[in-house]
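Presented below is the structure to which this report refers.
The values are calculated or read from the model by the stated rules, or taken from the named source; none is laboratory data. What you see is a predicted model, and the numbers here were worked out from it, not measured in a lab. Here the Cβ positions follow ideal geometry from the backbone for every residue, glycine too, while neighbour counts run over all protein chains shown.
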Amino acid sequence: MSSTPLRFALPKGRILEETAAIFARAGYDLGPVLGDSRKLVHECGPLRVLVLRSSDIPTYVAHGAADLGVAGSDVLDEEGRDLYEPLDLGIGRCRMIVAERADARLDDRSQMHVRYATKYPRTTREYLRRKGLTAEVIKLSGAIELGPLTGLCDRIVDITQTGETLRQNGLVLIDTVGEVSSRLVVNPAAMKLAAAPLGELLGRLEAALAAGAPP
């Protein structure tokens, strides 16, 4: 390994823990990151781990403040950054869906003005383009399910694992935009400048993922 640590951007929460488990199988100890410390930078042997908001990780990696990171494919598609995505880690699986009120179903063939609320305006506009639909897209940051209940919008585009939050708020799923999972992303320049340590890391991770989790 290189004497200079690879700068590795990780999101807070469950994805961090699941990523640490995969890296442990590959021979990388991310234990220092898993404590209750409020530190945002952790030295983990050949890796210097930066703990960030998931939505900021593509920005850090794209601008070279981190050499690699883990980000959801939903965030990556929305950001549209020029990054390598060499591995799907197979964690954080969920779906990006379209939902509307169960008691106010829409007909896409009607000429009414339809509004979609979402954290993912770029992805939503691309979805509408593929479907040949015309609609207004409203960007929200949280509580997306509240949009249709208050009359702010007719439909939402959001991610879900079980659909339980939709059901509890009287919403029904009407379409799936795509499947979501967490990906390892790498800065294109780092692929050249740190080719040896990155190549070793990717090889170990590929072997760990192929072997699967221990029973």
| said: Please determine whether any residue of the range 96-118 is modelled with pLDDT of 95 or more and assigned to a helix (DSSP H, G or I). | reply: no
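Each row is one residue, and each column tells you yes or no for (1) surrounded by fewer than 14 Cβ atoms within 10 Å (Cβ to Cβ); (2) more than 18 Å from residue 185 (Cβ to Cβ); (3) touching a helix residue (DSSP H, G or I) at 6+ places or on another chain (Cβ under 9 Å).
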residue	(1), (2), (3)
18	no, no, no
49	no, no, yes
58	no, no, yes
74	no, no, yes
87	no, no, yes
109	yes, yes, no
| field | Selection from the range 154-199 of residues that are out of contact with any strand residue (DSSP E or B) (no Cβ under 8 Å at 6 or more places or on another chain) and not assigned by TED's automatic domain parsing to the domain that holds residue 135 | value | 189, 192, 193, 195, 196, 199
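Quick grid of which residues meet (1) touching a residue at least 24 places away in the same chain (Cβ under 8 Å); (2) at negative phi; (3) assigned by TED's automatic domain parsing to the domain that holds residue 207:
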{"residue": "80", "(1), (2), (3)": "yes, no, yes"}
{"residue": "86", "(1), (2), (3)": "yes, yes, yes"}
{"residue": "101", "(1), (2), (3)": "yes, yes, no"}
{"residue": "116", "(1), (2), (3)": "yes, yes, no"}
{"residue": "123", "(1), (2), (3)": "yes, yes, no"}
{"residue": "134", "(1), (2), (3)": "no, yes, no"}
{"residue": "142", "(1), (2), (3)": "no, yes, no"}
| note | Taking the range 146-166 and the residues there that are modelled with pLDDT of 95 or more and of a type in the set (D, E, K, R), the one that is surrounded by the most Cβ atoms within 10 Å (Cβ to Cβ) would be 158
| query | For the range 20-47, what are the residues that are assigned to a helix (DSSP H, G or I) and either surrounded by fewer than 17 Cβ atoms within 10 Å (Cβ to Cβ) or not small (Gly, Ala, Ser) (or both)? | reply | 21, 22, 23, 24, 25, 31, 32, 33, 34
| note | Of those in the range 171-213 that are surrounded by fewer than 17 Cβ atoms within 10 Å (Cβ to Cβ) and part of a strand (DSSP E or B), the residue nearest to the chain's Cα centre (by Cα) is 179
| note | For residue 51, the lone unmet condition from (1) aliphatic (A, V, I, L, M); (2) assigned to a strand (DSSP E or B); (3) modelled with pLDDT under 95 is (3)
